[in-house]
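Below: the structure, in structure tokens.
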Amino acid sequence: MPNAGSPRGGPVLARIASEALSGLEGHPVEVEADVVAAAPAFSIVGLPDAAVQESRERVRAAIVNSAFQFPSRRITVNLAPADLRKQGPSFDLPIALAFLVATGQAADGCDGRGRIAAVGELGLDGSLRPVAGALALAQSLRRRGVRGLLLPAANAAEASLVPGLEVYPGRTLADAVAHLEAGGGEAAPPADLEALLRDGDGDGPDLVDIAGQHHARRALEVAVAGAHNILLTGPPGAGKTMLARRLPGIMPPLTAAEAIEVTRIFSVAGLLPPERPLVTRRPFRAPHHTVSSVGLVGGGGTPRPGEVSLAHLGVLFLDEFPEFRLSALEALRQPLEDGEITISRRLTSLTFPARIMLVAAMNPCPCGYLGDRERDCTCPAHRVRQYAARLSGPLLDRIDLRVDVPRVTPRERRDPVPAESSQEVRARVVRARRTQLRRLCGTGAYANAHMTPRDVRTLCVVERDGIALLDRAYDRLRLSARACDRVVKVAQTIADLDGAGTIGAGHIAESLSYRARGAGEL
Amino acid sequence: MPGYPCRMNARQALGRAAEDAAARHLQERGWRLLSRNARVGRGELDIIARRGTVLAFVEVKARRTSTCGAPEDAVDPRKRHQIARLAELWIAARPWALEGVSDVRFDIVSVDAGVVPCRVRHLPAAFTCDG
């Protein structure tokens, strides 16, 4: 940036590039500083929020404590464009740099070599603190062709996941000034995505720890293989949560692109631990049943991703399913249908990805022991009905599999044959998904659960005895047309796990068994 | 207090003496006084001084005892705001006053009159337009 003083040698204007986040998307922000000899004042304009206003105090202290001068002049900082709301402390660094350039204490060394942008929060001692969403910022800068990014060292690993962007980490304001004057200087080495993915895979709870529950294990395997949503019903302590926690371990490993996508969401939500810059395991989110609808699907004055987005490409586990607020449960419908959630606010409308596998768990009745082998249920009949009625038809309709998880008997727990490990199950799931991808090629879906009714008609081949069974079920169980489609979809997944080319009567029968259980309805 | 009309009360006399002491203090340190007790509208700026490229608006505060805190604490946000506004008006009326000036400052000179001789302290850039 040319940064010539005016002929009088007085007022000087400096510009530093930066980036603002709204949702997951970055927007360019130009930080301009104007310093003139007049009654001393420091003002920030350009629609700043409270955190940006407070930036003045941090910048002032950081500059003085970094052995720079804070002259007694009128300083005006403009964050352009003026109609975009600027939030958070990430503009501290570009404001300080623009100020130092404007007062002639630093020189922008990027002339003619393409600009570098700066983001970072300043501590009073001049140290640089990490900001949220560094990965999303870096991606956005790269897309726009910005050459490099100056940012706090704690964010460097995350930002260097973006290929083609030079990343200049700094621990202090003085480091950042050195980078700016050198027009970059020494860049952080680009991250080795494959190595990070390899290292991070494999930890987490394993299915080997679960004794018995053969039926539930099978149902979960089917659900994961076809990305079907599933409802687990059982008494307290039966192991519903234990089973659900082991789902990410049997899902196909994250691809590099998927890992980046998940990491971006975690980064924006400020949930990324600095020592692990890449999320390498599929997320498992288990919000408490008191969660608000905003907490679940995202939103707020500054829209943030909700649990459903944090579970993107992973598992959203809702324990005590009927205890959730109705508003929260109903808000789940759009993301379950579309794989994303749109949040509309007065000034903006944002979309967060939310392609999840929903795993719900509930007790069969308020006391939890309805249908138990040994204990009696103490609930009056109307309470049981009320409990089940809290789940609306449209929501239950999006759940393909319902499965009972009974209490494990001591005999089962002593079973000398060790249970299958997650790795073995995952191998079958991966094989079944590959079969599906080949069949679904060109439809936009990646798993059986996402087939449209038309896909079901054209792609799923049901054998004659399978059709006969389906017809009988249609009459006897009074299945709706949509329910029939779902039975076929799940049967297709079971056939894929089997390695069978067509859907037989056995597959249909197993699929039907998953509809008849759980909440009791069809 | 010799040399001043006897109509002046003790408080005014203290203020006057403190301003004299402050002015002397500044001059001894190379400041050129541009104006004393400059009236701007309904307000007054105690001392306006220049040294090199620095233009300073100086508020003088005197105290006999320190029971109410340091003298500079008596320049509260309201007073600071008032001084800043008066200074801007003063500059606006004399744009040439900024000729060759790089920094404009609001200083406080505190005078502790509880000791003899009185103790004078100069606080450069004590505040800005925004507090």
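The values are calculated or read from the model by the stated rules, or taken from the named source; none is laboratory data. Predicted, not measured: the structure shown is a model, and the values here were computed from it. All Cβ positions, even for glycine, are placed from backbone atoms using ideal geometry, and neighbour counts span all protein chains on display.
Looking only at residues that are in a helix (DSSP H, G or I) and not aromatic (F, W, Y) in the stretch A:302-327, which one is surrounded by the most Cβ atoms within 10 Å (Cβ to Cβ)?
A:S309
Inside the stretch B:95-109, can you point out the residues that are more than 9 Å from chain A (Cβ to nearest Cβ) and either part of a helix (DSSP H, G or I) or under 17 Å from B:D46 (Cα atoms) (or both)?
B:P95, B:W96, B:A97, B:D107, B:I108, B:V109
Do we find a residue being surrounded by 15 or more Cβ atoms within 10 Å (Cβ to Cβ) and under 29 Å from A:H450 (Cβ atoms) anywhere in the stretch A:362-369?
yes
Output the residue which, of all residues in the stretch B:25-61 that are on the phi > 0 side of the Ramachandran plot and of a type outside the set (S, T, N, Q), is modelled with the lowest pLDDT.
For the stretch B:25-61, the residue satisfying everything is B:G41.
Would you confirm, using the coordinates I've provided, whether A:E275 is out of contact with any Asp or Glu (no Cβ under 8 Å at 6 or more places or on another chain) and touching a residue at least 12 places away in the same chain (Cβ under 8 Å)?
no
On the basis of being surrounded by fewer than 16 Cβ atoms within 10 Å (Cβ to Cβ), on the phi < 0 side of the Ramachandran plot and in contact with a Ser or Thr (Cβ under 6 Å, 6 or more places away or on another chain), does A:E330 make the cut?
no
Given the stretch B:20-86, what strands (runs of 3 or more DSSP E) lie entirely inside it while holding 1 or more residues that are more than 14 Å from every other protein chain (Cβ to nearest Cβ) and within 17 Å of B:R119 (Cα to Cα)?
The qualifying strands (runs of 3 or more DSSP E) are B:54-63.
Read through the list (1) more than 14 Å from chain B (Cβ to nearest Cβ); (2) over 20 Å from A:A154 (Cα atoms); (3) not aliphatic (A, V, I, L, M), then give the number of the only condition that A:G133 fails.
Here A:G133 meets the rest and fails (2).
Here is a check on your reading of the model: is B:R105 in contact (Cβ under 8 Å) with a residue 40 or more places away in the chain, touching a Leu at 6+ places or on another chain (Cβ under 9 Å) and crowded, with 16+ Cβ neighbours inside 10 Å?
yes
Going residue by residue through the stretch A:278-286, is there one that turns out to be of a type in the set (S, T, Y), more than 18 Å from A:G133 (Cβ to Cβ) and at pLDDT 90 or above?
No: the stretch A:278-286 contains no residue that is of a type in the set (S, T, Y), more than 18 Å from A:G133 (Cβ to Cβ) and at pLDDT 90 or above.
Just to be sure I understand, how many residues within the stretch A:298-323 are within 22 Å of A:R246 (Cα to Cα) and of a type in the set (V, I, T)?
Adding up the residues that qualify gives 2.
Give the residues of the stretch A:428-458 that are among the aliphatic types (A, V, I, L, M) and over 10 Å from A:A225 (Cα atoms), sorted by residue number.
Selection gives A:L437, A:L440, A:A445, A:M451, A:V456.
Can you name every one of the helices (runs of 4 or more DSSP H) wholly within the stretch A:328-403 that holds 2 or more residues which are acidic (D, E)?
By residue number, A:333-338.
Only one of (1) touching a residue at least 12 places away in the same chain (Cβ under 8 Å); (2) among the charged types (D, E, K, R); (3) under 27 Å from A:I44 (Cα atoms) is not met by B:E44, so which one is it?
Answer for B:E44: the failing condition is (3).
Does the stretch B:112-123 include one or more residues that are in contact with a Phe, Trp or Tyr (Cβ under 7 Å, 6 or more places away or on another chain), within 14 Å of another protein chain (Cβ to nearest Cβ) and not in a helix (DSSP H, G or I)?
no
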